[in-house]
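Peer 1: Handing you this structure, nothing more for now.
The values are calculated or read from the model by the stated rules, or taken from the named source; none is laboratory data. In this text the structure is predicted, and so the values were computed from the model without any measurement. The area values use the complete protein model at the heavy-atom level, side chains included, leaving out ligands, DNA and RNA. Shrake-Rupley method; radii C 1.70, N 1.55, O 1.52, S 1.80 Å.
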Amino acid sequence: MYEDMAGAAARRGMIDLRSDTVTLPSPAMREAISAAELGDDVYGEDPTVNRLEELAAELIGKEAAVLVPTGTMGNLSAVLAHGGRGDRVILGDECHIYRYEAGGASALGGLIYHALPNGADGTIDLDQLRAAAAASDDPHQSPPGLICLENTHNRCGGVVLPLSYMAAAHAIAQEHGLPLHLDGARVFNAAVALGVDVREITRHVDSVQFCLSKGLSAPVGSMVAGTRPFIARVRRMRKILGGSMRQAGVFAAAGVVALSEMVGRLADDHANARQLAAGLAAIPGLDIDLSRVQTNIVRFELRDERLSVADLTGRLRERGVLVGGMGGQTIRAVTHYGIEAADIDRAVQAVREALAG
Ligand code: TLP
């Protein structure tokens with residue numbers, strides 16, 4: 001009855017690898033959207049939102065969860081619920097909260113970003129983390145408020161933080177009485193890559209934000225999860241930020257399908273990413289670290305003096321392939337629902353031609 005909209009980009013002739021945010025809802029999501037029972041969620045009366053929040057809390061292993069429109073609002077409302085004006089948000093200098101969320105915690109909440117170097121593997125050195133987390137009696141210093149990690153780590157190429165690292169970072173946070181927040185926009189990708197239940201990851205954090213609208217393919221929505229009192233504070237922050245919605249069951253219905261049906265298939269995206277990476281590795285003029293291709297993100301560097309990243313992405317666009325520049329010589333390609341193994345072959349061929357021509 002419904003067209004498979006995930007194929008829409010492909011039908012337009014483009015292989016869109018710019019992000020997994022470009023995914024379109026599955027046929028099952030479209031059916032769920034049209035059949036969704038609705039109510040006013042500001043009154044707590046949207047049964048579909050309530051179902052999604054209960055399901056999300058259970059799957060992610062936390063007491064409660066709340067639906068927010070975007071990952072950015074999810075992270076911001078969580079950070080504001082954890083810390084106060086003048087507190088430091090300790091995070092990695094390559095993380096999304098620091099690089100791509102417009103400084104929201106400072107701009108709106110008066111918190112200070114304390115950025116520590118991210119290693120290529122997405123981690124922050126534990127000694128540096130421990131030193132940053134230690135509170136000082138010196139009135140010149142601003143107090144630590146919380147620690148944030150990102151898993152999978154987007155700018156580091158979708159790498160997965162090891163469970164042992166999550167546990168060690170959590171121990172440091174606990175030692176210093178700080179909450180640990182996880183930007184888990186793609187935490188289900190991390191769980192699938194590790195072959196563990198996602199709760200094995202989230203048990204090491206106090207709160208988590210995860211996106212329904214990336215690899216899980218829902219059109220809109222992220223969840224924030226944590227203890228009941230924390231989620232009550234997040235609800236207040238969401239209200240302040242203008243993110244409390246009315247008949248949000250319209251897209252929460254797709255979120256229920258995302259969590260029930262779309263997690264397992266992330267393994268296909270990971271296999272496609274590995275296939276893409278292997279193809280790119282064989283092309284002269286490109287540099288790629290295959291050990292970092294662990295999930296659905298392929299990060300590679302252009303090492304061809306004859307053309308710029310903009311030249312290459314432009315030539316790829318002419319050949320029906322969209323990828324994104326990440327600054328400098330770095331390019332990102334992301335696999336997702338609607339991208340098949342045959343598209344990967346076509347994309348690799350397009351890159352070969354673009355660099356040859
Ligand atoms: N990431 C987007 C861009 O903003 C870079 C993408 O295309 O990958 N955390 C992480 C780790 C993310 O990658 C993103 C989106 C977010 C948070 C924010 O989610 P939204 O876009 O829903 O606000």
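Peer 1: Of the accessible area of the chain, with the probe set at 1.4 angstrom, what percent is carbon plus sulfur?
Peer 2: Numbers: 7340 of 14520 Å².
With neighbouring chains kept in place, the figure for the chain is 51 percent.
Peer 1: Which residues' amide hydrogens lie under 5 Å from the amide hydrogen of residue 92, considering only partners 5 or more residues apart or on another chain, with H built in the peptide plane?
Peer 2: Distant-sequence amide H within range of residue 92: 116.
Peer 1: I would also like to ask the following. Of all DSSP beta bridges located in the chain, what percent are antiparallel, nearest 5?
Peer 2: Working: 20 of 37 bridges.
So the antiparallel bridges amount to about 55 percent of the total.
Peer 1: Applying the Karplus parametrisation 6.51 cos²θ - 1.76 cosθ + 1.60 with θ = phi - 60° to the phi angles of region 106-121, what ³J(HN,Hα) value in whole Hz is obtained for each residue in order, glycine and proline being reported as x?
Peer 2: Per residue, the Karplus-derived 3J(HN,Hα) values read 7, 4, 10, x, x, 8, 10, 7, 10, 8, 10, x, 8, x, 4, 8 Hz.
Peer 1: If you roll a 1.4 Å probe over the heavy atoms of the protein chains, what accessible area per residue do you get for the chain, in Å²? Working shown, then result.
Peer 2: Working: 14520 Å² over 357 residues.
Value returned for the chain: 41 Å² of accessible area per residue.
Peer 1: Name the long-range amide H neighbours of residue 247: under 5 Å, sequence gap of 5 or more, or other chain; modelled H, no Pro or chain starts.
Peer 2: Residues meeting the amide H criterion: 41.
Peer 1: If you don't mind, there's one more thing I want to ask. Have a look at 248, 36, 134 and tell me which one the Gaussian network model of the chain (Cα, springs below 10 Å) gives the largest fluctuation.
Peer 2: 134
Peer 1: Next question, about the same structure. For a quick check: with amide H placed at 1.01 Å from N, whose amide H comes under 5 Å from residue 321's, ignoring anything fewer than 5 positions away on the same chain?
Peer 2: Close amide H contacts, sequence-distant or interchain: 15.
Peer 1: Would you look at the GNM of the chain, springs on alpha carbons closer than 10 Å, and say which of 346, 299, 88 moves the most?
Peer 2: Per the Cα network of the chain with a 10 Å cutoff, 346 tops the list.
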